[in-house]
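Input: a single structure, listed below in structure tokens.
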Amino acid sequence: MPKKALREELLAKRRHSSAETCLALSLEIQNRFLGSACFQMAKCLAAYSAVCNEVLTDQVARQTLADGKRLVYPRVVNADLEFVQVESPDQLSQGSFGVLEPTGEKAVPINEIDLVLVPGIAFDRSGHRLGYGRGFYDRTLAAADQDTLCVGLAYDFQIVDLLPVSEHDQPISILMTESKTLYF
């Protein structure tokens with residue numbers, strides 16, 4: 001199935017999920033992630049602000065800060081993502097494309113980030129992801145160190161057998177859902 005059709009189908013499914021279902025599943029997924037070795041070992045974590053019933057990251061953000069780790073969020077600058085350190089999720093405000101973005105000025109280079117939580121519309125069993133089609137994460141992750149872990153958080157229904165892949169698409173390292181963890 002072409003990327004555009006797959007994107008529309010899965011976005012519609014996610015949008016039609018109830019807020020209660022998304023919240024309950026998000027808590028399960030975040031708890032799975034917080035119990036993982038990759039979270040325990042990370043010193044600097046990049047979260048994202050969930051939109052359109054994406055898996056929430058608020059519990060992860062709170063625990064990251066409570067553990068004394070550095071927490072960064074992306075913001076769009078021209079055609080790229082810039083990660084900015086926050087001391088609290090309260091330092092986020094409405095930004096590009098209706099997504100909450102950090103308001104601070106403490107930019108953190110991608111190579112200082114140990115773990116990046118990557119949003120997506122779909123993920124396949126080979127570690128590929130389908131995003132919103134603008135390539136922000138792909139361009140950013142292409143510049144990351146090989147040691148930077150890229151972790152997708154998704155609902156089980158977002159996993160497909162095979163995604164169409166373009167040359168510029170960047171794979172993830174780990175995918176966590178409410179029922180499983182896949183390593184690539």
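At a glance:
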quantity: Residues of the stretch 56-75 satisfying the condition of being buried (at least 17 other Cβ atoms within 10 Å of the Cβ), under 14 Å from the mean Cα position of the chain (by Cα) and either more than 19 Å from Gly95 (Cα to Cα) or not aliphatic (A, V, I, L, M) (or both); calculated: Thr57, Val60, Tyr73, Pro74, Arg75
quantity: Condition met for Gly120 (modelled with pLDDT of 95 or more and in contact with a Phe, Trp or Tyr (Cβ under 6 Å, 6 or more places away or on another chain)); calculated: no
quantity: Pair list, Cβ under 7 Å, 6 or more apart: the stretch 9-29 residue part of a helix (DSSP H, G or I), other residue among the β-branched types (Val, Ile, Thr); calculated: Leu10/Ile121; Leu11/Ile121; Ser26/Val55; Ile29/Val55; Ile29/Thr177
quantity: Boolean, Ile110 is more than 28 Å from Arg14 (Cα to Cα) and among the aliphatic types (A, V, I, L, M); calculated: yes
quantity: Cross-chain or 6+ apart pairs with Cβ under 7 Å, the stretch 64-81 first and at negative phi and among the β-branched types (Val, Ile, Thr), then at pLDDT below 95 and surrounded by fewer than 14 Cβ atoms within 10 Å (Cβ to Cβ); calculated: Val76/Ser96
quantity: Members of the stretch 130-144 that are more than 17 Å from Tyr73 (Cβ to Cβ), free of Cβ contacts under 8 Å to residues at least 40 places away in the same chain and hydrophobic (A, V, I, L, M, F, W, C); calculated: Ala142, Ala143
quantity: Residues (within 25 Å of Ser166 (Cα to Cα) and among the aromatic types (Phe, Trp, Tyr)) located in the stretch 1-54; calculated: Tyr48
quantity: Breaking point among (1) among the hydrophobic types (A, V, I, L, M, F, W, C); (2) crowded, with 21+ Cβ neighbours inside 10 Å; (3) more than 14 Å from Ala154 (Cβ to Cβ); (4) in contact with a Phe, Trp or Tyr (Cβ under 6 Å, 6 or more places away or on another chain), for Leu115; calculated: (4)
quantity: Hits in the stretch 155-184 (condition: of a type in the set (Gly, Ala, Ser) and modelled with pLDDT of 95 or more); calculated: Ser173, Ser179
quantity: Checking Ala42 against (1) among the small types (Gly, Ala, Ser); (2) closer than 28 Å to Ser93 by Cβ; (3) exposed (fewer than 14 other Cβ atoms within 10 Å of the Cβ), the condition it does not meet; calculated: (3)
quantity: Among (1) assigned to a helix (DSSP H, G or I); (2) within 23 Å of Leu141 (Cβ to Cβ); (3) touching a strand residue (DSSP E or B) at 6+ places or on another chain (Cβ under 6 Å), the one test that Glu82 misses; calculated: (1)
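The values are calculated or read from the model by the stated rules, or taken from the named source; none is laboratory data. What you see is a predicted model; the values in this text were computed from it and never measured. Every residue, glycine as well, gets a Cβ built from its backbone with ideal geometry; the counts of neighbours run over all protein chains shown.
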